[in-house]
1. By how many nm would the segment from R333 to R32 grow when fully extended, if each residue of separation counts as 0.36 nm and the alpha-carbon distance is taken off?
2. Convex hull over the alpha-carbon atoms of the range 97-155: what's its volume per residue in Å³?
3. Restricting the count to DSSP beta bridges whose residues both fall in the chain, what percent are antiparallel, rounded to a multiple of 5?
4. Could you tell me which trypsin sites (Lys or Arg not before Pro) in the range 1-94 are loop residues by DSSP with no more than 15 other beta carbons within 10 angstrom of their beta carbon?
5. Restricted to Cα positions, what overall size does the range 283-440 have along the principal axes? Three whole-Å values, descending.
6. More than 14 angstrom separation, counting every C-alpha pair in the range 229-300; what % is that?
7. Once the cut-off is 36 Å, how many percent of the Cα-Cα pairs in the chain end up in the long-distance tail?
8. Any chance you could check the Cα centroid distance between the range 451-466 and the range 77-110 for me, in angstrom?
Amino acid sequence: MNELLNYSIKEHIKNLKEKKYTVKEYIEACLRKAEETKHFNIFLKLNPEKILQMADKSQQNYNSNQIGKLEGIPISIKDNICEDGEQTTCASKILQNFIAPYDATVIQKLKKEGAILFGRTNLDEFAMGSSTENSAFGVTKNPIDPERVPGGSSGGSAASVAAKIVPGSIGSDTGGSIRQPASFCGVYGLKPTYGSVSRYGLVAFASSLDQIGPFARNIDDIALLYSVIQGYDKNDSTSHPKIKDIVINTEPQAYTKEEKKSLKIGIYFPSENEEGFDSSVIKTCLELKERLIKEGYNVIPVKSNLWKYSIAIYYILATAEASSNLARYDGIRYGYRSPNAKNLIEVYIRSRTEGFGPEVKRRILLGTYVLSSGYYEAFYHKAQKARKMIREEYRNFFKEMDFILAPTSPTVPFKIGERVNDPISMYKSDLLTISVNLAGIPALSVPIAKDEQGLPIGMQIKGWHFEENKIFRLAKTFEEDGWVNSI
Ligand code: GLN
């Protein structure tokens, strides 16, 4: 392993400034690593020529001392975020030949700070899934154990960071798609507050839940990437004006011994024999609880009567929104058009039948059903009300506590193929992540432990809206106290 690939983003910036190596030397090492790990199927597209051109440009910026916050740093991008002139497929046949005509706001921001856009990462088709097995272009393998899934839907992003091809990646999270793959691959992943990162240029799945966020291997790099991509954007009508007043601290300070004693930490941990949880996840929670108490934090067990409904609520609301958002793929305006269609109706029917995969079809059917007349009140409207209750419950929790900790996933990464024929068991892997999206709050998955086989276990730190800085401080504290087990 080339030792260059072990450095954090901050270390690279320092080293590049001090001319310990050139941007080109670093980027070539990343490209070699991508080549060596090709069998993991992490990238849907990687264009070394373009990447090396960007490296040259970054080197010039170092030479003239005019560098951005991410100058010369390779960042991979989930293939549902538009990059001008690049294929943006959402891992779907229906967009296989679609070239994005503009940059998403996050891409503009990354470019402005000198980042090198390093390839388009694999995902579940239209971000619908928890394992990357729903990609139309093959599953991504987990770099820690290639027989296992990397999680999803941002599986390629998490794997690119875990395989140490790049130090950071950008993904999207609608119901857990950043945190769960981060947990499965042993890296950090942040789902930011809804409205803090612009969704302009993110291909919509469920617009009221979708949020873009970063992956990295340490908390400082997460804070740095988040500071670059967040911010108000007039191009996104759900961008929140409050974000204008927030300054992200890219050097989060660990809490002092005194501060720890004043922090109230809610824990939502499984009981000792909780069904559906791996014993290693349960054991990790028990150990963490003991450590927290010993360290002097105020630990408050959290009981929610509502979170058990979150999967049901999510699969009504997210599919309803998806059925509307995906109506635009009609064989006329975007992407794939069936060559077999003989009239207009056939263009619609055949293009969609041939272009979408089975999971996407399942969701469109479900979403159309819950929105149809007669069922709207019973399902969609009711789920909206229940969503509001979840949000209010969180509001009340955060009046009493600073953070809530909960495992990211009930299990360690499962084997490829293990759950493909059982959508319900697949949906259950989002049990602990979905309520966060329903409430719009931020949550960070921290790689907290490994089981006996070396498979990673992630822990979420949830906070109230716009409290990312606080979450980063707690993660930094865990890091400094040696409680983190990152790749
Ligand atoms: N796994 C969830 C789903 O299948 C969440 C996906 C996501 O966050 N994009 O919908």
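1. Value of the extension gain: 104.5 nm.
2. 108 Å³
3. 65 percent
4. Hits after loop and neighbour filter: K19, K20.
5. Rounded to whole Å, the extents work out to 71, 38, 24 Å.
6. 72 percent
7. Of all Cα-Cα pairs in the chain, 25 percent lie more than 36 Å apart.
8. Each part's Cα centre sits 29 Å from the other's.
The values are calculated or read from the model by the stated rules, or taken from the named source; none is laboratory data. As the structure is a prediction and not an experimental result, all values here were calculated from the model. Positions of Cβ are generated from backbone atoms using ideal geometry, with glycine treated the same way; all protein chains shown enter the neighbour counts. Side chains included, ligands, DNA and RNA excluded: accessible areas come from the protein's heavy atoms. Shrake-Rupley method; radii C 1.70, N 1.55, O 1.52, S 1.80 Å.
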